[in-house]
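Trainee: Structure below; questions to follow.
Derivation of every value follows stated rules applied to the coordinates shown; laboratory data play no part. All figures in this text were calculated on a predicted structure; none of them were measured in a lab. Note that we place each Cβ from the backbone using ideal geometry, even for glycine, and neighbour counts take in every protein chain shown.
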Amino acid sequence: MSKLIYKASERYSLGWSDPRANMGWNTVEPPDKTVRKIINGEIAPEDQYVAIRTVMQYDIQHASAGRLADMVTSQVHDDNIYRVSVFPDGIDILCFGLSSIDSDINGHYDRSDDLPNWVKERLAVLMITNGIPPTQEVAGVGRRISSHVYWVYAPETIS
């Protein structure tokens, strides 16, 4: 990823326009840092649900550019939505569904070649979409949330 694109995406990662102020989770911590903590097991299991919901709300607020009329709505169950964050040092994947916290897919990947094929295929489609909010859903594939964050919908057989 070019440094220019990554620098622009840092505004999102660093918590600008943070909608989490009234949500009961760490309001200073960027969503990507929270995801990394969940993946690494640094957040207690009893706190993971609140952390995941907070990250999801943050993504929704960002993808909708803060406009209620454009709020992201998903017809897919949370257990089928995977948050994929692409960084220069690798890729983080986290399922939003609580029942999928221990999913084999959740975790940090050093290379895109290590990702499951269905994730690579959907990510390739979403990478050509616009990451400037408000973003649009690609039916059956997912949604680009920002320049480096994607929601990827799992195939029905995965959930």
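Trainee: Order these peptides, 52-58, 147-153, 83-89, by their mean beta-carbon neighbour count within 10 angstrom, highest first.
Mentor: 147-153, 52-58, 83-89
Trainee: Please give the Cα centre distance for region 32-57 versus region 108-159, rounded to the nearest Å.
Mentor: 20 Å
Trainee: Taking θ as phi - 60°, what are the ³J(HN,Hα) couplings along region 105-119 by the Karplus curve (6.51, -1.76, 1.60), each to the nearest whole Hz, with x for Gly and Pro?
Mentor: Along region 105-119, the couplings run 7, 4, x, 9, 10, 6, 9, 5, 5, 7, 6, x, 4, 5, 6 Hz.
Trainee: Radius of gyration and Dmax for region 83-132's Cα atoms, expressed in Å?
Mentor: Radius of gyration, then largest Cα-Cα span, for region 83-132: 11.3, 31 Å.
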